[in-house]
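Quick notes on the structure that follows.
The values are calculated or read from the model by the stated rules, or taken from the named source; none is laboratory data. Everything numeric here is computed off the predicted structure, so don't read it as measured data. Here Cβ is always computed from backbone atoms with ideal geometry, including for glycine, and neighbour counts include all displayed protein chains. In case anyone asks, the SASA skips ligands and DNA or RNA and just uses the protein heavy atoms, side chains included. Shrake-Rupley method; radii C 1.70, N 1.55, O 1.52, S 1.80 Å.
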Amino acid sequence: MSIDLILFLILAVVAVATALGMLLSKNAVYSALFLVLNFAAIAVFYLLLGAPFIAISQVTVYAGAIMVLFLFVIMLLGAETLAPSKVLRGQGWAAFGLAVVLVAETVYLLVSRHAAVGVIARPDAFLNTMDSLREIGKALFIQYLLPFEVTSILLLVAMVGAIVLTRREKGG
Amino acid sequence: MIPLSWYLIFAAGLFSLGLFGVLARRNAVAILLGVELMLNAVNINLAAFWRYGNVTDMTGQVFAIIVFAVAAAEVAVGLALVISVYRSRNTVVADEIDMLKW
């Protein structure tokens, strides 16, 4: 077993376990903290794939900014815990049946596309140099300049939208 | 090296967990957490396909960066909506937010 493989397996277990922890914990604060761990694990995945820039972006944007926003809102609203919901009759069995169908479809697709399953990446010296970072900058500011600018307008719109939505009405 | 399919299976699993969170959680904030998990799973796919394709073509990574920005915008607006609804209805339970139903 190569070191890559061991790292992959450990990270996959950590990521899936923290995702399950996020889903199963009743307290929304714990959910958010589990998701921070999950994002950290995924950041190491990006490093494993040879993409340091998006690994660092993952830590700063996701695990940093976005999760702080989440925790802030959860604590602001006092939405930590909720009463259990009422379920429809037979909902559990129906959900289980549909989940089994989904898993069966996925496994079938994996088995039937067996030829594509074993694709292996070539080790590339390019990945370990600063050239990779330079190439991202070039792609972002030359080839994909228009999408980049559209994204900045989207962020502006989101900012204005967030301010307008959370503004208190006068006298209200 | 790890086969590409392992990354894809892993990302599909994370996506399914996120989807389950979106569908099954009642807390509106927890639903948004599930959406974040799904976006991350998609990003793993983008990075994996970039790595296993032509490495000098940075399209996959650029796409992942744009997904980051879109996710940040989505969270800002989504949480603003949750706060706005909480002010008018005093609840964050998705079942009880039914102003559009009649």
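Pairing chains B and A buries close to 6100 square angstrom of accessible surface in total, based on protein heavy atoms and a 1.4 angstrom probe. So how much accessible area does A:D4 have, in Å² to the nearest 10, using a 1.4 Å probe? About 50 Å², ignoring ligands and nucleic acids.
Estimated at the nearest 10 Å², the accessible area of B:S16 is 60 Å² with a 1.4 Å probe. Surface exposure of chain B, expressed per residue as accessible area with a 1.4 Å probe, stands at 41 Å².
Residues A:Y30, A:Y108, ordered by accessible area of protein heavy atoms at a 1.4 angstrom probe radius and largest first, appear as A:Y108, A:Y30. Temperature 10 °C, viscosity 1.306 mPa s: under these conditions the Stokes-Einstein estimate for the stretch A:1-70, based on its Kirkwood radius over C-alpha pairs, is 127 µm² per second.
Taking the accessible area of the stretch B:4-91, probe 1.4 Å, and keeping the other protein chains in place, the carbon and sulfur fraction comes to 72%.
The 1.4 Å probe gives accessible areas that order A:T166, A:T18, largest first, as A:T166, A:T18.
Counting Cβ atoms of other protein chains within 10 Å of each residue's Cβ and taking the mean over peptide A:64-72 gives 4. Taking a ≥ b ≥ c as the square roots of the eigenvalues of the Cα gyration tensor, an a/c ratio of 1.5 or more together with a/b no larger than b/c marks the protein assembly as shown as oblate. For the stretch B:4-91, the relative contact order comes to 26 percent (Cα pairs under 8 Å, sequence separation of at least 6). Once you reduce the stretch B:1-34 and the stretch A:29-65 to the center of their Cα atoms, the two points are 14 Å from each other.
Could you tell me which of rounded, prolate or oblate describes the stretch B:4-91, using a ≥ b ≥ c as the square roots of the eigenvalues of the alpha-carbon gyration tensor, with rounded for a/c under 1.5 and, failing that, prolate when a/b is larger than b/c and oblate otherwise? Oblate, because a/c is 1.5 or more while a/b does not exceed b/c. Counting heavy atoms of the protein chains alone, B:I31 has an accessible area of about 40 Å² for a 1.4 Å probe.
Let me have the relative contact order for the stretch B:41-102, percent, based on Cα pairs under 8 Å that are six or more residues apart. List each step's numbers first, then the result.
Values: 22 pairs, mean separation 12.0, N = 62.
So the answer I get is 19 percent.
Using the Cβ atoms and a cut-off under 14 Å, what net charge is assigned to the surroundings of A:Y62, where Lys and Arg are +1 and Asp and Glu are -1? Could the numbers behind the result be given before it?
Details: positive: none; negative: B:E36, B:E74.
Overall, the nearby charge balance is -2.
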